[in-house]
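As structure tokens, the structure follows; a few thoughts come after it.
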Amino acid sequence: MHAGNGLEGISIGPSEICLVDGENGQLIYRGHDAEVLVREHTFDEVAFLLWTGRLPSADETNELREVVFDNMRKVAAEPATVATLNPNALTMDAVRSAMSVWSMGRNLAEGGTPADAQAALGAIAGSVALLGARRAGVTPGDIQPGDTIARAYLRIMTGAEPTDAQVGALDAYLVLTAEHGMNASTFTGRVIVSTASDIGSGLVGSIGALKGKLHGGAPSHVSSMIDEIGTADNAEPWLRAKIEGGERLMGFGHRVYKTYDPRARALGEVAERLGSDDERLGLARHVEQTALRLLHEYKPDQRLYTNVEYYAAAVLETIELDPGLYTPTFAVSRTAGWTAHMLEQINFPRLIRPQVEYVGPMPVK
Ligand SMILES: CC(C)(COP(=O)(O)OP(=O)(O)OC[C@H]1O[C@@H](n2cnc3c(N)ncnc32)[C@H](O)[C@@H]1OP(=O)(O)O)[C@@H](O)C(=O)NCCC(=O)NCCS
């Protein structure tokens, strides 16, 4: 069967982890609506849900945090993992390398367990937080009793006490980007462990796939787009020129959502709460409305709407995150989803091995 050049519409098999309902704009994690989870639960609890299929008790959340924090501290105490490899490296390359070094320490010939998944989350959160501290030239802060993963992450990264609003915004971002079905990076991770390789190799592959701007690399491009547009009056001519030049507008369009991305809606509300009278958010709203109108005008059949990356940029800007750390922070949250999928794949092993349609020449007889 020919699946389309990007495998669109093809299922690789059953999964109990996530439903992305692209027609109705709904995102379900293990039976829970992500838009409800983001209001009622922390990322820490959502990671547990993705791994186990149920929300944790308070004691289970604390146990999970202990493991994650222990691994964050280990990484932060061994800065060789990210900071000294190459200070001029692209941040996603640094994170990918850090997780490769981390996985050597796990010595996993194949497979992986829930304990590996928890350790991986700590290792990547610690690596990115430390990378952030190095880039800002600050002494990494210490994790404190009672911290959530989001608070500990900001504390290490900034060396300062984050505000409740910053922690809440980051936590919302982490919840809403933790999992998203069979996207390219998750598929990559599943393909890797399907060969009976290990979860660390899967993570390194997933991080590589997330780096691209068609997947996880878009939010910093959204920020630069708003910077370049600069004023409300410039939005329409700027956007028209890009579309007419055949370029894609970052933060719009999605392979599965043919309506407004529910994560963009929820993050837009978070951005509104954080900076309701912020001039920049006003400009972002104006650019969004103009872009949607123009995309509809130029490509009426394509059903192009705002995707998660558009308001991810607004939220991450409001918490003053270094744009070089937008995609690495996405990698932190998605480690929960990636590892949930890799564990599912490990438990129901089947080599993923599609085919390609050969259209080249045949030997001359
Ligand atoms: C996410 C994305 C890769 C999904 O694309 P896809 O399912 O492969 O869609 P296609 O490449 O088949 O595009 C279909 C049509 O819509 C257009 N299109 C898709 N996204 C567009 C965008 N953001 N801006 C302008 N046009 C877009 C394509 O140019 C194409 O039009 P055409 O048929 O006139 O050539 C795509 O929408 C995109 O590049 N978005 C911008 C990057 C981004 O925001 N990434 C984050 C994703 S969460």
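Each row is one residue, and each column tells you yes or no for (1) over 27 Å from A119 (Cα atoms); (2) of a type in the set (F, W, Y).
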residue: T290; (1), (2): yes, no
residue: R293; (1), (2): yes, no
residue: Y298; (1), (2): yes, yes
residue: Y305; (1), (2): yes, yes
residue: L316; (1), (2): no, no
residue: I319; (1), (2): no, no
residue: L325; (1), (2): no, no
residue: P328; (1), (2): no, no
residue: A340; (1), (2): no, no
Hey, among the residues in region 16-32 that are buried (at least 16 other Cβ atoms within 10 Å of the Cβ) and not aliphatic (A, V, I, L, M), which one's nearest to H254 (Cα to Cα)? G22
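Here is a yes/no grid of residues against (1) under 18 Å from G6 (Cα atoms); (2) at pLDDT below 95; (3) outside any helix (DSSP H, G or I):
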{"position": "S185", "(1), (2), (3)": "yes, no, no"}
{"position": "G189", "(1), (2), (3)": "yes, no, no"}
{"position": "G208", "(1), (2), (3)": "yes, no, no"}
{"position": "L214", "(1), (2), (3)": "yes, yes, yes"}
{"position": "V222", "(1), (2), (3)": "no, yes, no"}
{"position": "E228", "(1), (2), (3)": "no, no, no"}
Region 279-325, residues that are of a type in the set (G, A, S) and farther than 16 Å from G216 by Cα: G282, A284, A291
Restricting to region 102-135, give me the number of residues that are surrounded by fewer than 24 Cβ atoms within 10 Å (Cβ to Cβ), touching a residue at least 12 places away in the same chain (Cβ under 8 Å) and at positive phi. 1
Hey, could you check region 34-64 for residues that are of a type in the set (S, T, Y) and out of contact with any helix residue (DSSP H, G or I) (no Cβ under 6 Å at 6 or more places or on another chain) and say which is surrounded by the fewest Cβ atoms within 10 Å (Cβ to Cβ)? S57
Residue within region 292-305 that is on the phi > 0 side of the Ramachandran plot and outside the structural domain of L121 (by TED's automatic domain parsing) present: yes
If you check L49, L64, L55, L85, which single one turns out to be in contact (Cβ under 8 Å) with a residue 40 or more places away in the chain and either of a type in the set (A, V, I, L, M) or outside the structural domain of A336 (by TED's automatic domain parsing) (or both)? L64
The condition of being within 16 Å of the ligand (Cβ to nearest atom) and within 25 Å of the chain's Cα centre (by Cα) holds, among A271, A266, A235, A241, only for A266
Exactly one condition in (1) in a helix (DSSP H, G or I); (2) outside the structural domain of S185 (by TED's automatic domain parsing) is false for A94; which is it? (2)
Can you find a residue that is polar (S, T, N, Q) and within 13 Å of the ligand (Cβ to nearest atom) anywhere in region 200-212? no
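The values are calculated or read from the model by the stated rules, or taken from the named source; none is laboratory data. Because the structure is a prediction, the values reported are computed rather than measured. Cβ sites come from the backbone with ideal geometry, for glycine too, and all protein chains shown count toward neighbours.
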